[in-house]
1. Treating the angle as unsigned and between 0 and 90°, give the value, to the nearest 10°, between the Cα long axis of helix 2-34 and the longest Cα principal axis of the chain.
2. Each residue of the stretch 132-138 in order: what ³J(HN,Hα) in whole Hz does its phi give by Karplus 6.51 cos²θ - 1.76 cosθ + 1.60, θ = phi - 60°, with x for Gly and Pro?
3. Tell me the accessible surface of residue 92 in square angstrom (1.4 angstrom probe, heavy atoms of protein chains only), to the nearest ten.
4. Would you look at the GNM of the chain, springs on alpha carbons closer than 10 Å, and say which of 45, 99, 20 moves the most?
5. Just going by the charge dipole of the stretch 31-165, with Lys and Arg at +1 and Asp and Glu at -1 on Cβ, which of 73, 150, 98 is farthest out on the positive end?
6. Here are some values of Cα extents along the principal axes in Å: (1) 38, 38, 34; (2) 88, 35, 26; (3) 54, 40, 29. Which one was computed from this structure?
7. So, for the stretch 39-78, what is the accessible surface per residue at a probe of 1.4 Å, expressed in square angstrom?
8. Relative contact order for the chain: what is it in percent, counting Cα pairs under 8 Å that are at least 6 residues apart?
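The values are calculated or read from the model by the stated rules, or taken from the named source; none is laboratory data. Note that the structure is a prediction, hence the values are computed from the model and not measured. For neighbour counting, all protein chains shown are included, and Cβ atoms are generated from backbone atoms with ideal geometry for every residue, glycine included. For the accessible areas, the whole protein counts, side chains as well, though only heavy atoms, and no ligand, DNA or RNA atoms are used. Shrake-Rupley method; radii C 1.70, N 1.55, O 1.52, S 1.80 Å.
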Amino acid sequence: MERARVEESKIDELIAWMKSILFALLVVLICQEFFFTPVIVEGSSMLPTFQDDNRLIIAKTTTIDRFDVIVFHPTGSEELYIKRIIGIPGDHIAVKDGSLFVNGKLQEEPFVNLANENVIAGKATGDFSLEQLTGKMEVPADHFFVLGDNRFDSTDSRIIGFIPEQSVVGEAKLTFFPFPEAGFINR
């Protein structure tokens with residue numbers, strides 16, 4: 001009789017552990033699907049902000065604003081890109097003499113890679129206006145204009161055009177690897 005209770009107790013404990021593990025797994029899957037997900041940075045388009053192989057957490061439920069870093073699917077692709085939002089709907093974007101102007105106001109860009117060997121006289125970005133690149137005067141509703149921080153090595157809105165809001169997976173919020181660089185992402 002005593003032996004049967006011990007075995008029954010072990011089975012009950014095993015079932016309790018299995019329920020706990022399944023519940024934890026379910027919580028992780030729900031969080032990953034609806035709230036946040038990990039991504040791996042590939043390439044050098046976001047240098048110096050992110051290195052190739054950095055691991056990030058992106059938030060899927062966030063309000064996105066100018067200069068936030070987003071992860072998105074380019075139109076017609078399942079690939080993931082990571083870039084910085086430069087223009088939000090209604091913005092007029094131009095770069096003159098290597099300086100970014102949003103709605104006619106000069107913007108500081110401390111995140112731009114000025115260490116690239118292609119930077120000439122402190123200019124990381126060639127001059128352009130939104131009209132020259134897209135034929136539009138301003139960023140359309142429900143779209144973003146994005147650029148990589150490493151402007152000489154970035155496939156961004158200068159090449160792929162505006163990014164539809166529905167193609168955004170989320171905003172980069174946290175670096176968790178490599179460990180010395182771990183922490184929250186600031187603009």
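1. Approximately 10 degrees, to the nearest 10.
2. 5, 7, 10, x, 10, 7, 8
3. 60 Å²
4. Per the Cα network of the chain with a 10 Å cutoff, 20 tops the list.
5. Toward the positive end, the furthest listed residue is 98.
6. Among (1) 38, 38, 34; (2) 88, 35, 26; (3) 54, 40, 29, the one calculated here is (2).
7. On the way: 1890 Å² over 40 residues.
In whole numbers, the stretch 39-78 has 47 Å² accessible per residue.
8. Once divided by the residue count of the chain, the mean separation gives 24 percent.
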